[in-house]
1. Return yes or no: is residue 230 surrounded by 18 or more Cβ atoms within 10 Å (Cβ to Cβ) and not in a helix (DSSP H, G or I)?
2. Sort out which residues of the stretch 267-283 are closer than 21 Å to residue 79 by Cα and assigned to a loop (DSSP other than H, G, I, E, B), and write them in order of number.
3. For the stretch 44-70, give me each residue that is modelled with pLDDT of 95 or more and open to solvent by 60 Å² or more (accessible area, probe 1.4 Å).
4. If residue 350 passes every condition in (1) surrounded by fewer than 14 Cβ atoms within 10 Å (Cβ to Cβ); (2) over 15 Å from residue 408 (Cβ atoms); (3) not β-branched (Val, Ile, Thr) but one, which one does it miss?
5. Kindly list the number of the only condition in (1) surrounded by fewer than 18 Cβ atoms within 10 Å (Cβ to Cβ); (2) farther than 29 Å from residue 191 by Cβ that fails for residue 342.
6. Residues in the stretch 449-489 that are under 30 Å from residue 81 (Cβ atoms) and either part of a strand (DSSP E or B) or modelled with pLDDT under 90 (or both): how many?
7. Would you call residue 144 farther than 22 Å from residue 407 by Cα, out of contact with any strand residue (DSSP E or B) (no Cβ under 9 Å at 6 or more places or on another chain) and free of Cβ contacts under 8 Å to residues at least 60 places away in the same chain?
Amino acid sequence: MNLNRIKHNLDLISVITIYFIIGVYLLQYYQYSINADCISYITIAQEYLNGHFADAVNGYWSPLFSWLLIPFLPFSSSPQFNVYLTKVLSLFTGILTIVGVKLLISRFEIDRTTKTVILFSLIPITLYFLFNVISPDILLITILLYYLYIIFDPDYPNKKYNGVLCGILGALAYLSKSYALPLFLAHFLLFNLFYYFKSTDKKKQRKIFKNLILGLTIFFIISGAWIALISDKYGKPTFGTAGDYNHELVGPQSNGDFVYYHGLIKPPNEFAVSSWEDPSYFKMKPWGALESWDNFKYQIMLILRNTLKIINIFEVASLFSIIIFITSIILVLKFKLDKASKNKLIYLVSTILIYLGGYSLVLVEPRYLWLINILLLIMGGYLLSLLFKLGFLKGNIKNILLIFLIFSFVVNPVNDLILNLDLGKDNYMLSESLDHTYNIHGNLASNNEWRISDYIAYYTCSNYYGQTRNESYNELKKELKDNNIDYYLVWWNSKENSHLASDFKEITNGTIKFLRIYSLKS
């Protein structure tokens, strides 16, 4: 029995083994890759570890990634190794992602060869996801894959625990990223309604309704605890502040992220590297699409711009993405497919539309759409199997198209993995030099290059107060003094250098051609 199970899952075992070997090998080349979000998740995990729970509760950064990081941090000996551990966590998460895809594929009538090829294509795709940027998106993808595996089950109404499992997975998805709350509610409700009205059996309808109620109850019990915590912290009902921040960020009167124009800001607590650990407190200009006719037109244009951006992201993921999606819609609307095949395509198309709907209203980034990339890959394999079954494709043609399909999805991830080797190493080496050669520690500020300056502050165990405003020299000196800045980083050939050099000591003596560091210590 066990031997047969191993043989049946030999493709999965092989994929995970190869993925893990390559992933471990690539860790050495991506151990320095860092981003501001990564720093926030690390510092929040450290706050939990040190017992500073009030500071750790955060409405902008969802908690699950930081929670999962906590067991790893006691083994860390440096800020850089903390970054390394985030990639180790993501590497293990990637294994669950691959298993999730394997399970989800089983819901579709796809021939074994196509399934196996899709699984092997996940190796570079998943490695690209986890090494591209440290974020909870890989965690969100993984949880949602298991949720979709359950909700796509044709026998979903007849299994009494399916609703409970969906509620648990929906809550975990929300705890990984707040966007999952409206996503889960919309998707779970719609699919249960679909199952309910599709069935004519009253007993079966009662089971579906029971699954819906149980799922929502479990979801709100788990997610409600976190919602209560962050609502209490910010003094208002909220399930997360990231959505409000991003909505204001893309508004008609927005000046962009506050860190680039606000001026110096003290980090929210002693453990935070910068103010970016909790952007919730920095309000930009709120707006609503229904507040005025101009705002409504602006929202329509924003949706159109985001739609074009989504199309562009899909084309980068695979040249066939749009063709796959449109072909699926045509097959559903124009062809007389068997009921099961039609439903499977409806499941995929509706899931993609629901998922994209929320992002199209506000902000779109490539990593937000990683789940859709995987669904389109599965959809592409399913279409080939379906068209072959319907007699539209011969065996050889199908295999050729499968090769093109897989190549289109893996070429960019492979290319990015190769081109970005040692990504971020120069920033780490610069930070090490500033730490050991010039003993840079304390309160830092900069005139530019917010992100790199943030990384330097993190690696040197300093506090980064951000970028100074574009102001007169006397105002600049006052801003630096009022915030007790110890070192001021001046990037490139700034006009400030001539003034600063007369008042403060430049400690690098010009040895770094693109950076001057002025000591403001008395």
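1. no
2. Those that are closer than 21 Å to residue 79 by Cα and assigned to a loop (DSSP other than H, G, I, E, B): 267, 268, 269, 270, 271, 272, 273, 274, 278.
3. Scanning the stretch 44-70 gives 67, 68.
4. (1)
5. Against the list (1) surrounded by fewer than 18 Cβ atoms within 10 Å (Cβ to Cβ); (2) farther than 29 Å from residue 191 by Cβ, residue 342 comes up short only on (2).
6. Residues flagged as under 30 Å from residue 81 (Cβ atoms) and either part of a strand (DSSP E or B) or modelled with pLDDT under 90 (or both) within the stretch 449-489 amount to 8.
7. no
So that you can scan it fast, the table gives a plain yes or no per residue for (1) among the basic types (Lys, Arg); (2) in contact (Cβ under 8 Å) with a residue 40 or more places away in the chain; (3) in contact with a strand residue (DSSP E or B) (Cβ under 8 Å, 6 or more places away or on another chain); (4) open to solvent by less than 10 Å² (accessible area, probe 1.4 Å):
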residue: 361; (1), (2), (3), (4): no, yes, no, no
residue: 374; (1), (2), (3), (4): no, yes, no, yes
residue: 403; (1), (2), (3), (4): no, no, no, no
residue: 411; (1), (2), (3), (4): no, no, no, no
residue: 420; (1), (2), (3), (4): no, yes, no, no
residue: 429; (1), (2), (3), (4): no, no, no, no
residue: 447; (1), (2), (3), (4): no, yes, yes, no
residue: 456; (1), (2), (3), (4): no, no, yes, yes
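The values are calculated or read from the model by the stated rules, or taken from the named source; none is laboratory data. Since this is a predicted model, take the numbers as computed values, not measurements. Here Cβ is always computed from backbone atoms with ideal geometry, including for glycine, and neighbour counts include all displayed protein chains. Just so you know, the surface numbers come from the protein's heavy atoms only, side chains and all, with ligands and any DNA or RNA stripped out. Shrake-Rupley method; radii C 1.70, N 1.55, O 1.52, S 1.80 Å.
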